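Peer 1: Sharing a structure below in structure tokens format, with a few things to ask.
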Amino acid sequence: MSLKALDYESLNENVKNCQYAVRGELYLRASELQKEGKKIIFTNVGNPHALGQKPLTFPRQVVALCQAPFLLDNPNVGMIFPADAIARAKHYLSLTSGGLGAYSDSRGLPGVRKEVAEFIQRRDGYPSDPELIFLTDGASKGVMQILNCIIRNQKDGILVPVPQYPLYSATISLLGGTLVPYYLEETDNWGLDVNNLRQSVAQARSQGITVRAMVIINPGNPTGQCLSEANLREILKFCCDERLVLLGDEVYQQNIYQDERPFISSKKVLMDMGAPLSKEVQLISFHTVSKGYWGECGQRGGYFEMTNIPPRTVEEIYKVASIALSPNVSAQIFMGLMVSPPKPGDISYDQFVRESKGILESLRRRARIMTDGFNSCKNVVCNFTEGAMYSFPQIKLPPKAIQAAKQAGKVPDVFYCLKLLEATGISTVPGSGFGQKEGVFHLRTTILPAEEEMPEIMESFKKFNDEFMSQYGDNFGYSRM
Amino acid sequence: MRRFVIGQAKNLIDQTRRPRPHHNNIRLLSLLASDPIPVSSSRLFSDMPGSDSSSSLPVTIDSINPNVLKCEYAVRGEIVNIAQKLQDDLKINKDAYPFDEIIYCNIGNPQSLSQQPITFFREVLALCSHTALLDRDETHALFSADSIARAWKILDQIPGKATGAYSHSQGIKGLRDAIAAGIEARDGFPADPNDIFMTDGASPGVHMMMQLLISSEKDGILCPIPQYPLYSASIALHGGSLVPYYLDEASGWGLEISELKKQLEDAKSKGITVRALAVINPGNPTGQVLSEENQRDIVDFCKKEGLVLLADEVYQENVYVPDKKFHSFKKVARSMGYGEKDISLVSFQSISKGYYGECGKRGGYMEVTGFTSDVREQIYKVASVNLCSNISGQILASLVMSPPKPGDESYESYIAEKEGILSSMARRAKTLEEALNKLEGITCNRAEGAMYLFPCINLPQKAIAAAEAAKTAPDTFYCKRLLNATGIVLVPGSGFRQVPGTWHFRCTILPQEDKIPAIVNRLTEFHKSFMDEFRD
């Protein structure tokens, strides 16, 4: 009897080839241990609310009212909801074509897209067209939609930073394209050298690959670096010269923990550079409600803004979006609230600012605690988390450890992370999930555990690492930088 | 000096443990081949034969993925775009049109046409949205006691009560337990929460299965004609082949096994490997509810031919005729004695339809049974790349599958709302069906279920010629004329495919009851004048 349709052998190879380590082996093992009763600290994914960060009050009030509009008819509603939340709920409901339960326009509610455009304009100082903004069920869906348009076959290459957030490698794999890596420089604070880009592209082309697009993640994931304006200019010029679409993943734009390099959007820099570049370079910028100080991962809300994309292409992207009918409406309202938060004078303004600042300042402190904690270990080198939500320390593994890993049939950083998990309950993602240079090992953890628990977590890590090193170390011959 | 080694490539894309077939080498550029190339010579490559910098085009219509260009989705296609422009223009040029509003009968979007959500469901959702409410005394005056209890129960199943956190990629376990229990109560056969994958609506689940099943255009999926165009679009996007099987309009859109067999053989002779059979029950756009006997034949067919049965059952709560009943394919298969080893079955459900109509919340699930654990791992892996479906939609899916029970405080009002909506839909279906059957040249099968009527229109030759002159399909020509004369938005049958040479259109039964007489009048008037103009 021949193979059945859903036998493993008959599955689409692209599916089998794709990997997404963030919820891969380590996470599955951690979940098993959790079921057995072990206390697990999940630092494998940027999921703030799962680690105790509280949702901002105002948006939750507004959305609760939108979920149950009959509350707005109740004379007592003002007793438990502030007037500005009530007003805002009415505003967003008026933008819908039947409340949260009706499909919206496939690109998202026009009223919300207008608010997003206004936000972009305030942020960058340049006009933004709501017609070129599409809301999506999370930024990831937007990335997948755009890559699906770009990738035609395995000769199409996408430039992706290494280390990268594995949504990109997984999606390129699923779509049957080719990932063209460009290496970020760890010794230079994960900096981007345009020469690396040129080399990557040249070698790709020499192997018959058509390089179509370049991904930048700014601030970076897992690396956290914030790109300088000069760097962004170089990148945009490069994309212009090489005729690449720039995909700007800017989901961490609110998460900045140093003052030397504030966030500047790729769009702003592009517009600042003026014609002809500002009219030539094709750019798609992504944002989300999942990160920042909002952390509303479970809502699945995001958008992308298209710059210099021809109208007929925009139509095709719209067509594909329409097959999915519409992004979820609650998340669209979260997005509207994020881009137009309470203003000075609003009843909820003080509380909103207090909550937001509290979260951001704590994240800044936690970034420091973690970086310093890792750096205090002899065999660990950790660049400072300039932005985003992660720490990506390099673990220098001694040859005996690498040998033991091999014998256990595991990649060395997976081996280390599994041992860390079993000893301490700390669930991380091995660096191999993000890409790294040969012979260099990292792990990614988030900076999200509660501030009061951080010192204990870092101590726990240090204790494990010291024990690991005394078991496998011999004081010299570490894995190289 | 950096060294580029193929090992780095391997770090980015893990090896599968099985040897990969030749055509699927690691799709990561190997940077091993030569020494690092000096920067200045990068420009040389643009002149070299075999390099592609001149064709490294920006994203234009000529360079995007051809699968994207190929796929179509008529439900929100050309006619809707025209309607939206008309609607905008109506605001400023009220007198320019023979109608004063656009009525969207093109899409199953009940709440956009004033259908109200189920109160109990929204109470629970509101409490889960803003959990601080549960700590306040005033809440008891605003919410029913059982909605408060249910919210607590749900929140206890969510780690940290954090509704803003990503959940398990299959959906929150406790909610899947509730869904599995609901499936068991419905069918009388057990359901495993680990077989359930919660998705942002049913559509992403369909896409996931197409992705798994389709590797090339040699992979075919049997689809009903007429079909809901998600299937044709998804198959096109994934580069597969749609293998049509025609439903029989004369017998109330019946599904004949002989037709399935014929199409399967035909596909095989063309070198297509048919992988799955998609069945929509109740049907969209056709509205038929399959008989149990028919369903047994279909299950046997899939088992015999080794096909995955993709059972789109999103309209399972929409049945309007006393002589038909919904039976899930899972129940049918299990009652035939077929278990996990006998048939691969994927059942899709959504919160968008039924009597709840929560389209904008994007909630649904697929129950995947009859496949090995290594395949389940692959499905899980694909689901995990998108992390999880939206939590609010997950909560709603669990409520739909475990609604208030007799004795619950909200039961009476819940039942009244549910039955109010469903009985109204049944009335509207009947009224519109009767009205359409009165029109010259139009025959309309009854809507046994779902939310649509799909009448057949016998267009006169003159009309067909006029359509050809306008370079439009005849049914699109009719629908455009209808839109411009009445403001009513329908979807031409060509969007769903039909037996060649026949013409249809799809109209939803969703406008509120008080609007139905006006719709009937306008349709009737328009049709008469159309026939007067084009009658042979």
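Peer 1: How many residues does the range B:142-164 contain that are outside any loop (DSSP other than H, G, I, E, B) and either within 27 Å of A:GLY301 (Cβ to Cβ) or touching a His at 6+ places or on another chain (Cβ under 8 Å) (or both)?
Peer 2: 13
Peer 1: I would also like to ask the following. Please count how many residues of the range B:262-293 are closer than 18 Å to B:ASP187 by Cα and surrounded by fewer than 18 Cβ atoms within 10 Å (Cβ to Cβ).
Peer 2: Matching residues across the range B:262-293 total 3.
Peer 1: Within the range A:165-178, is there a residue that is of a type in the set (S, T, N, Q) and more than 8 Å from chain B (Cβ to nearest Cβ)?
Peer 2: no
Peer 1: Of the residues in the range B:200-236, how many are more than 7 Å from chain A (Cβ to nearest Cβ) and among the hydrophobic types (A, V, I, L, M, F, W, C)?
Peer 2: Of the residues in the range B:200-236, 11 are more than 7 Å from chain A (Cβ to nearest Cβ) and among the hydrophobic types (A, V, I, L, M, F, W, C).
Peer 1: Can you find even one residue in the range A:181-203 that is crowded, with 24+ Cβ neighbours inside 10 Å and touching a Lys or Arg at 6+ places or on another chain (Cβ under 8 Å)?
Peer 2: No, the range A:181-203 contains no residue that is crowded, with 24+ Cβ neighbours inside 10 Å and touching a Lys or Arg at 6+ places or on another chain (Cβ under 8 Å).
Peer 1: Further, regarding this structure: Would you be able to tell me the number of residues in the range B:75-123 that are at the interface with chain A (Cβ under 10 Å from one of its Cβ atoms), surrounded by 17 or more Cβ atoms within 10 Å (Cβ to Cβ) and not in a helix (DSSP H, G or I)?
Peer 2: Counting residues in the range B:75-123 that are at the interface with chain A (Cβ under 10 Å from one of its Cβ atoms), surrounded by 17 or more Cβ atoms within 10 Å (Cβ to Cβ) and not in a helix (DSSP H, G or I) gives 9.
Peer 1: Considering only residues that are among the aliphatic types (A, V, I, L, M) and within 14 Å of chain A (Cβ to nearest Cβ), look in the range B:312-348 and name the one that is surrounded by the most Cβ atoms within 10 Å (Cβ to Cβ).
Peer 2: Once the filter is applied, the top-ranked residue is B:VAL346.
Peer 1: Of the residues A:GLY433, A:GLY387, only one is out of contact with any Cys (no Cβ under 6 Å at 6 or more places or on another chain) and of a type in the set (Gly, Ala, Ser); which?
Peer 2: Within the list A:GLY433, A:GLY387, the selection yields A:GLY433.
Peer 1: Quick test of your reading of the structure: A:TYR182 fulfils all but one of (1) touching a Ser or Thr at 6+ places or on another chain (Cβ under 7 Å); (2) hydroxyl-bearing (Ser, Thr, Tyr); (3) without any contact (Cβ under 8 Å) to a residue 40 or more places away in the chain; (4) at the interface with chain B (Cβ under 9 Å from one of its Cβ atoms). Name the failing condition by number.
Peer 2: It fails just one condition, (4).
Peer 1: Continuing with this model, one more query. So which residues in the range B:336-383 are over 13 Å from the mean Cα position of the chain (by Cα), closer than 26 Å to A:SER169 by Cβ and aliphatic (A, V, I, L, M), if there are any at all?
Peer 2: Residues satisfying the conditions are B:VAL368, B:VAL375, B:ILE379, B:VAL382, B:ALA383.
Peer 1: Which residues, counting only those in the range B:381-413, are surrounded by fewer than 17 Cβ atoms within 10 Å (Cβ to Cβ) and assigned to a helix (DSSP H, G or I)?
Peer 2: Scanning the range B:381-413 gives B:TYR411, B:GLU412, B:SER413.
Peer 1: If a residue counts only when it is acidic (Asp, Glu), more than 9 Å from every other protein chain (Cβ to nearest Cβ) and at negative phi, which helices (runs of 4 or more DSSP H) contained entirely in the range A:61-157 have at least 1 such residues?
Peer 2: Helices (runs of 4 or more DSSP H) meeting the threshold: A:83-95, A:110-124.
Peer 1: Additional query: Looking only at the range A:319-339, decide whether some residue is over 27 Å from B:ARG122 (Cα atoms), more than 9 Å from chain B (Cβ to nearest Cβ), more than 23 Å from the chain's Cα centre (by Cα) and not aromatic (Phe, Trp, Tyr).
Peer 2: no
Peer 1: Quick check on the range A:412-423: of everything there that is farther than 13 Å from A:GLN471 by Cβ and surrounded by fewer than 21 Cβ atoms within 10 Å (Cβ to Cβ), which residue is nearest to the chain's Cα centre (by Cα)?
Peer 2: The selected residue is A:LEU418.
Peer 1: If I go through the range B:315-333 residue by residue, how many of them are of a type outside the set (Phe, Trp, Tyr) and in contact with a Pro (Cβ under 9 Å, 6 or more places away or on another chain)?
Peer 2: Count: 4.
Peer 1: Which ones in the range A:237-287 are under 25 Å from the mean Cα position of the chain (by Cα) and acidic (Asp, Glu)?
Peer 2: Selection gives A:ASP249, A:GLU250, A:ASP259, A:GLU260.
Peer 1: A follow-up question, please. Report, by residue number, each residue of the range A:432-452 that is more than 9 Å from chain B (Cβ to nearest Cβ) and under 18 Å from A:PHE415 (Cβ atoms).
Peer 2: Correct list: A:VAL440, A:PHE441, A:HIS442, A:LEU443, A:ARG444, A:THR445.
Peer 1: For the range A:286-307, how many residues are more than 8 Å from every other protein chain (Cβ to nearest Cβ) and among the basic types (Lys, Arg)?
Peer 2: The total comes to 1.
Peer 1: So how many residues does the range A:340-362 have that are closer than 23 Å to A:GLN299 by Cα, away from chain B (no Cβ under 14 Å) and of a type in the set (A, V, I, L, M)?
Peer 2: The number of residues fulfilling the criteria is 2.
Peer 1: Of everything in the range B:151-199 that's of a type in the set (Asp, Glu) and away from chain A (no Cβ under 14 Å), which residue is surrounded by the fewest Cβ atoms within 10 Å (Cβ to Cβ)?
Peer 2: Once the filter is applied, the top-ranked residue is B:ASP156.
Peer 1: Does A:LEU28 satisfy being closer than 30 Å to A:HIS442 by Cα and assigned by the TED database to the domain that holds A:GLU452?
Peer 2: When the stated conditions are applied, A:LEU28 passes them.
Peer 1: Separate question: Scan the range A:186-198 residue by residue and report those that are at the interface with chain B (Cβ under 9 Å from one of its Cβ atoms) and free of Cβ contacts under 8 Å to residues at least 12 places away in the same chain.
Peer 2: A:ASN195
Peer 1: Kindly check whether there is at least one residue in the range B:129-150 that is at pLDDT 95 or above, within 7 Å of chain A (Cβ to nearest Cβ) and within 26 Å of B:SER384 (Cα to Cα).
Peer 2: Yes, that holds for at least one residue.
Peer 1: In the range B:501-532, how many are exposed (fewer than 13 other Cβ atoms within 10 Å of the Cβ) and free of Cβ contacts under 8 Å to residues at least 40 places away in the same chain?
Peer 2: Qualifying residue count for the region: 5.
Peer 1: Now, a different point. Would you please name the residue that is farthest from B:ASN390 (Cα to Cα), looking only at residues in the range A:255-281 that are buried (at least 22 other Cβ atoms within 10 Å of the Cβ) and among the polar types (S, T, N, Q)?
Peer 2: Only one residue tops the list, namely A:SER266.
Peer 1: How many of the residues making up the range A:20-44 are in a loop (DSSP other than H, G, I, E, B), under 15 Å from B:PRO159 (Cβ atoms) and away from chain B (no Cβ under 12 Å)?
Peer 2: Count: 4.
The values are calculated or read from the model by the stated rules, or taken from the named source; none is laboratory data. Here the structure is a predicted model, which is why all the values come from computation and not from measurement. With ideal geometry, Cβ positions are generated from the backbone for all residues, glycine too; neighbour counts draw on all protein chains shown.
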